[in-house]
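Below is one structure, written out as structure tokens; comments come after it.
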Amino acid sequence: MDDTSDPAPPSTKQEEWRSFLFLTAVMAPVVTIGVVAGWGFAVWIYQLITGDLPG
């Protein structure tokens, strides 16, 4: 098949700023909370299994 469609137009400065703000104001805190919650869950499960604190 011959794909003659034009490639996506380059992003504008406004789109880049929106993406940057979304990544820093939304995604970074969400990922951080997920990592901390995951670590806390892992420690909790470890304590349930062993009855002891890690370390």
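The values are calculated or read from the model by the stated rules, or taken from the named source; none is laboratory data. Please read these numbers as outputs of a predicted model, since none were measured by experiment. Glycine also receives a Cβ, built like all others from the backbone with ideal geometry; neighbour counts cover every protein chain displayed.
Going residue by residue through region 11-30, is there one that turns out to be surrounded by fewer than 10 Cβ atoms within 10 Å (Cβ to Cβ), outside any helix (DSSP H, G or I), modelled with pLDDT under 95 and not polar (S, T, N, Q)?
No, that holds for no residue.
If you go through region 31-52 one residue at a time, how many are surrounded by 10 or more Cβ atoms within 10 Å (Cβ to Cβ) and charged (D, E, K, R)?
0
List the residue pairs whose Cβ atoms are under 8 Å apart, where the first residue sits in region 7-29 and is of a type outside the set (A, V, I, L, M, F, W, C), the second is in a loop (DSSP other than H, G, I, E, B), and the two are 6 or more positions apart or on different chains.
Between residues of region 7-29 that are of a type outside the set (A, V, I, L, M, F, W, C) and residues that are in a loop (DSSP other than H, G, I, E, B), the close pairs are 19/11.
Do we have any residue at all in region 6-28 that's of a type outside the set (S, T, N, Q) and within 30 Å of residue 53 (Cα to Cα)?
Yes, because at least one residue in region 6-28 is of a type outside the set (S, T, N, Q) and within 30 Å of residue 53 (Cα to Cα).
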